[in-house]
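Q: Okay, here's the structure, questions in a sec.
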Amino acid sequence: MIKVAVIGAGSVGFTRGVVRDLLSVREFRDNLEINFTDISQRNLSMVYQLVKRDMAANSVKSTLRATLNRREALRNARYVLCFVRVGGLEAFQLDVDIPLKYGVDQCVGDTLCAGGIMYAQRSIPVLLDFCRDIREVAAPDCLFLSHVNPMAMNTWACNQYGQGVRVIGLCHGVEGGHRIIADALGLPVNEVDIICAGINHQTWYIQIRHKGRDLTRELLPALERHPVYRRTEKVRIDMLRRFGYFSTESNGHLSEYVPWYRKRLREIRRWIDTSSWINGETGGYLRVCLEGRNWFETDFPRWLKDAPWKYGPEHRGTEHTSYIIEALETGRRYRGHFNVVNHGCIPNLPPDAIVEVPGYVDGNGLSIPRVGPLPHGCAAVCNASISVQRLAVEAAVHGDDTLLRQAMMMDPLTGAVCNPPEIWQLTDEMLVAQARWLPQYRRAIAAARARLRRGPRLPTRQGFRGAARLRVRTPAELAREADRARARVLAADKAEMDRKQHRRA
């Protein structure tokens, strides 16, 4: 039996999907021991019920257990998967709302910018605790596969301070951009070969080929004339126009990593599209996360009544995790893009930074080829972010609020919007508001609280909603919309049936 532990298993989307993916591998159907652990008994129980029912419906003999005891879940595990969000949505809301008072308008706020920096301060100490437990109770040479943002900062801290635990960071951003590229070029995605390299969420498609022909320079005109992408991907297209290469991350995400597209509130709507949160909506990811949590908690009984998920190759997703484990255990080769320590793979990025680069996995392990230097402009964009990441990692590990403030100052968007006194006060506010998740900052938080109490405070925009913030919908509204969506699907199906019958007649 191969033991797989899942930390943060209460994350229903990731957890249920990764179990389906693993148990769609024929060698794993009857040979996995899967252990779920979480800090929420309620969430853990709901996800366990759903997955247990899926497994029974697919007649697999692999076992599933759930426990609040993390070390017990990790004991003798060969693979540890991590889906945690430290501080939950309550802390995430602070990551978005407090910077917004200072004019820092984030779409997501979980990778860089003020929100991503604070997310790292909460996450890194917890992930290092996981590394300690893995080292002490998991199987020798256990592999830690982390899906936790901010991906680069977290993976950097675990590799540098995790005392030898093998850690790989995994993200699906490269695959998402790959599909957009293929669609824009009018080609099947499996025929478009890419080389993508950089840092997580700022990875660059430095080569695009189709049947041996280089199409890298054909992407810009294809996107500019595309009826959808020219409207929804304005930031990515502009970056491609000015730097020569397409970037992995969504329009909204990319816009908050650089200083140019969200620094003037009156100009933000020029660069975004609100048809989907991912295209740049203010606090968009927070909104859909809140809606998803409320919907899941309210609608859970209906989930149990829905048909169980089916397992099999045709139902398998594209997340890297199951393919990595399959390759290591069966010897089948898998090519993906992974977040690993640079070690000279990209020589014009720092050797200790975490880079996202192509890699190969088989029975011999993970192999990372040398990519070579990035184009100078692309490397410059990445290096600006790496400077922030380095400061934020050291701040989180050592509880050093001076480094934390410097990370905030060096952040491209925060630095473009705020002056140094504003950044100091912003950092004080975030430390105090998130004190329960930041034990390493105990002394700094006491000093920040005293400063805020003593005053005077710089003025902020209380209640400010940013350039493009939408309201969080209630479960009842989501239910009505779901019913309408189902009705539209049924109507479309009926119309299609009518057309087929008309053709037969």
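The values are calculated or read from the model by the stated rules, or taken from the named source; none is laboratory data. Not measured: the values here are computed from a predicted model. All Cβ positions, even for glycine, are placed from backbone atoms using ideal geometry, and neighbour counts span all protein chains on display. With ligands, DNA and RNA removed, areas are computed over all heavy atoms of the protein, side chains included. Shrake-Rupley method; radii C 1.70, N 1.55, O 1.52, S 1.80 Å.
Q: Return the whole-Å distance between the Cα centroid of the range 216-250 and the Cα centroid of the range 91-167.
A: Using only Cα atoms to place each centre, the spacing works out to 30 Å.
Q: What accessible area per residue comes out for the chain, rounded to a whole number of Å², with a 1.4 Å probe? Walk me through the numbers before you get to the answer.
A: Numbers: 21660 Å² over 505 residues.
Per-residue value: 43 Å².
Q: Mind checking the full-extension length gain between Glu224 and Ser59? Use 0.36 nm per residue of separation minus the Cα-Cα distance, one decimal, nm.
A: 54.5 nm
Q: Still on this structure, please answer the following. Evaluate the relative contact order of the chain (contact order divided by residue number), counting alpha-carbon pairs under 8 angstrom at least 6 apart; express in whole percent. All intermediate terms of the calculation are to be shown ahead of the outcome.
A: On the way: 922 pairs, mean separation 88.2, N = 505.
RCO, the chain: 17 percent.
Q: Ok, one more. Sticking with the crude label model, points 7 Å out along Cα→Cβ, report the distance from Arg465 to Asp30 in nm, one decimal please.
A: Here the modelled spin labels are 5.9 nm apart.
Q: Would you kindly compute the Cα radius of gyration of the range 159-268 and its largest Cα-Cα separation (Dmax), both in Å?
A: So, for the range 159-268, Rg and Dmax equal 15.6, 51 Å respectively.
Q: Right, next: The range 363-383 to the range 1-49: how many Å between their Cα centroids?
A: 32 Å
Q: At 0.36 nm per residue, and after removing the present C-alpha to C-alpha distance, how many nm does the segment from Asp129 to Leu68 gain when stretched out fully? Write out the running numbers ahead of the final one.
A: Details: separation 61, 0.36 × 61 = 21.96 nm, distance 1.54 nm.
Result for the pair: 20.4 nm of gain on full extension.
Q: Quick one: if you stick a label point 7 Å off each Cα along the C-beta vector at Phe243 and Trp260, how many nm between them?
A: My value for the distance between the label points is 0.9 nm.
Q: Between Arg454 and Glu477, what is 0.36 nm times their sequence separation minus the Cα-Cα distance? Round to one decimal in nm.
A: On the way: separation 23, 0.36 × 23 = 8.28 nm, distance 4.41 nm.
That pair, Arg454 and Glu477, stretches by 3.9 nm at full extension.
Q: Lysine pairs in the chain 8 or more apart or on different chains: how many have alpha carbons under 23 angstrom apart?
A: 10
Q: Which value, in debye to the nearest 20, gives the size of the charge dipole of the range 109-179 about its Cα centre, when Lys and Arg are +1 and Asp and Glu are -1 at the Cβ?
A: Working: 5 positive and 6 negative charges, 20 e Å.
Taking the Cα centre of the range 109-179 as origin, the dipole is about 100 debye.
Q: Hey, another quick one. Sketch the reach of a paramagnetic label on Met1 as a point 7 Å from Cα along Cα-to-Cβ, and name the residues of the range 23-39 whose backbone nitrogen lies under 13 Å away.
A: Under cut-off, by backbone N: 30-36.
Q: Which residues does a label at Asn76 reach in the range 11-33, if reach means a backbone N under 17 Å from a point 7 Å past the Cα toward the Cβ?
A: The answer is 31-33.
Q: Further question on the same structure: State the percentage of accessible surface on the chain attributable to carbon and sulfur atoms; use a 1.4 Å probe and exclude ligands, DNA and RNA.
A: Working: 11100 of 21660 Å².
The computed percentage sits at 51.
Q: Of the DSSP beta bridges with both residues in the chain, give the percent that are antiparallel, rounding to the nearest 5. Mind dumping the intermediate values first?
A: Details: 24 of 48 bridges.
The antiparallel proportion sits near 50 percent.
Q: Which peptide among 118-124, 313-319, 108-114 comes first, and what is the full order, when sorted by highest mean count of other Cβ atoms within 10 Å? Don't skip to the answer; put the middle values down first.
A: Numbers: 118-124: 27.9, 313-319: 13.4, 108-114: 29.6.
In decreasing order of mean packing, 118-124, 313-319, 108-114 become 108-114, 118-124, 313-319.
Q: For n ≥ 4 DSSP H runs only, could you compute -39500 (n - 2.57) per run for the chain, divide by its residues and tell me the 222 nm figure to the nearest 500?
A: Values: 20 runs with 259 residues, N = 505.
Per the formula, -16000 deg cm²/dmol.
Q: Same structure again: For the pair Asn364/Val189, report the inter-label distance in nm, with labels modelled 7 Å from Cα in the Cβ direction.
A: 3.0 nm
Q: How large are Rg and Dmax for the chain when calculated on the C-alpha trace, in angstrom?
A: 23.1, 83
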